[in-house]
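Remarks on the structure that follows.
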Amino acid sequence: MASMHHTSCVLRSFNIAFFGTDHFAIPSLRRLVQKSNENKELISELTVITPPDATSGRGNKILKPAPIKLEAIGLGLAVHHPPPKKFGAWELPPSISNRPYDLAIAVSFGYFIPKRILAGFPYGGVNVHPSLLPK
């Protein structure tokens with residue numbers, strides 16, 4: 001009789017930096033929060049990075065937050081903003097736990113994330129965008 005040998009895979013919990021802006025990013029963020037709530041050992045921290053509030057209206061006097069910011073606040077998540085038009089010099093904010101981020105998830109973010117920031121994620125990043133790419 002052949003013996004069965006089972007190995008267990010030890011997963012570490014991930015600190016995730018979620019980069020998003022518009023309504024398209026909201027379902028992905030909600031799903032990450034849902035997965036985090038279902039399995040606390042999967043995601044230890046989820047932080048949202050989104051562009052600063054934009055001015056709009058007559059005379060650009062009204063500050064309008066990105067839809068993902070409002071969703072993140074409603075979900076009780078930390079929100080950070082890179083400075084407008086100076087994202088290249090921006091530094092990723094420290095995580096709440098002071099443990100480095102493990103993974104970047106960008107969903108319809110609107111900025112190119114500099115290579116030097118992406119290089120800081122040991123598990124790299126995932127980019128989801130709603131546009132159709134040419135052949």
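The values are calculated or read from the model by the stated rules, or taken from the named source; none is laboratory data. Fair warning: this is a prediction, and the values are worked out from it, not measured in the lab. Methodologically, a virtual Cβ is constructed for each residue, glycine included, from the backbone with ideal geometry; neighbour enumeration extends over all protein chains shown. Protein only, heavy atoms only, side chains kept; ligands, DNA and RNA dropped before computing areas. Shrake-Rupley method; radii C 1.70, N 1.55, O 1.52, S 1.80 Å.
General observations
- Debye intensity ratio in log₁₀ form over the Cα atoms of the range 51-125, taken at each q of 0.26 Å⁻¹: -1.45
- Of LYS40/LYS69; LYS35/LYS61; LYS35/LYS69, those spanning more than 27 Å from alpha-carbon to alpha-carbon: LYS35/LYS61
- Based on Cα atoms of the chain, Rg over Rh with Rh as the Kirkwood radius reads 1.08.
- Apolar share of the accessible surface for the range 28-135: 59 percent from carbon plus sulfur atoms, 1.4 Å probe.
- Going by accessible surface with a 1.4 Å probe and the largest first, ASP22, ASP102 read ASP22, ASP102.
- Taken over the range 79-121, the convex hull of the Cα atoms encloses 84 Å³ per residue.
- Expected 222 nm ellipticity per residue - DSSP helices of 4 or more, -39500 (n - 2.57), all of the chain, to 500: -5000 deg cm²/dmol
- Close amide H partners of HIS80, meaning residues 5 or more places away or on another chain with modelled amide H under 5 Å apart, are VAL48, ILE49, THR50.
- For the listed peptides 36-48, 53-65, a ranking on the average number of other beta carbons within 10 Å per residue, highest first, reads 36-48, 53-65.
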